[in-house]
1. Please tell me if Cys49 is open to solvent by less than 60 Å² (accessible area, probe 1.4 Å), modelled with pLDDT of 85 or more, over 9 Å from the mean Cα position of the chain (by Cα) and near the ligand (Cβ under 10 Å from one of its atoms).
2. Would you check which residues across region 11-37 are modelled with pLDDT under 90 and either more than 28 Å from Lys71 (Cβ to Cβ) or away from the ligand (no atom under 14 Å from the Cβ) (or both) and list them?
3. Mind listing just one residue for me: the one in region 25-58 that is among the charged types (D, E, K, R) and in a loop (DSSP other than H, G, I, E, B) and, of those, farthest from Cys7 (Cα to Cα)?
Amino acid sequence: MILSITCDDSQNTQHQEINVQCGRCTKYCPMSLNVQAMAVKGNMDHHECVLCGECVDNCNKKVLRFAWKSKK
Ligand code: SF4
């Protein structure tokens, strides 16, 4: 199991676009990742993500969260 960031309801891209449109996740990412785009695509895995949790902590809608997932 590995720790990752996940976006709730990631299968519903239209819903995700609305939820992350404030852009706080992208604004607060210290790695300058486009977290909004990652959330809308439903893929929060990025090799430069350091799992700092700034996007999770600053998500007003609480759609971003930490999660454990199986290794591929
Ligand atoms: S956990 Fe940190 S580095 Fe990873 S996407 Fe969120 S803000 Fe960026």
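1. On the way: open to solvent by less than 60 Å² (accessible area, probe 1.4 Å): yes; modelled with pLDDT of 85 or more: yes; over 9 Å from the mean Cα position of the chain (by Cα): yes; near the ligand (Cβ under 10 Å from one of its atoms): yes.
Yes: the conditions hold for Cys49.
2. Looking only at region 11-37, we keep the residues that are modelled with pLDDT under 90, and these are 11-21.
Across region 11-37, the qualifying residues are Gln11, Asn12, Thr13, Gln14, His15, Gln16, Glu17, Ile18, Asn19, Gln21.
3. Quick first cut of region 25-58, residues among the charged types (D, E, K, R) only: 27, 41, 45, 48, 54, 57.
Then drop every residue that is not in a loop (DSSP other than H, G, I, E, B), which leaves 45, 48.
Values: Asp45: 11, Glu48: 17 Å.
If we take residues in region 25-58 being among the charged types (D, E, K, R) and in a loop (DSSP other than H, G, I, E, B), then Glu48 is farthest from Cys7 (Cα to Cα).
The values are calculated or read from the model by the stated rules, or taken from the named source; none is laboratory data. No experiment lies behind these values; they were computed from the predicted model shown. Don't worry about glycine lacking a Cβ; one is built from the backbone with ideal geometry, like all the others, and counts go over all protein chains shown. Quick note on the areas: whole protein, heavy atoms, side chains included, nothing else; ligands and nucleic acids left out. Shrake-Rupley method; radii C 1.70, N 1.55, O 1.52, S 1.80 Å.
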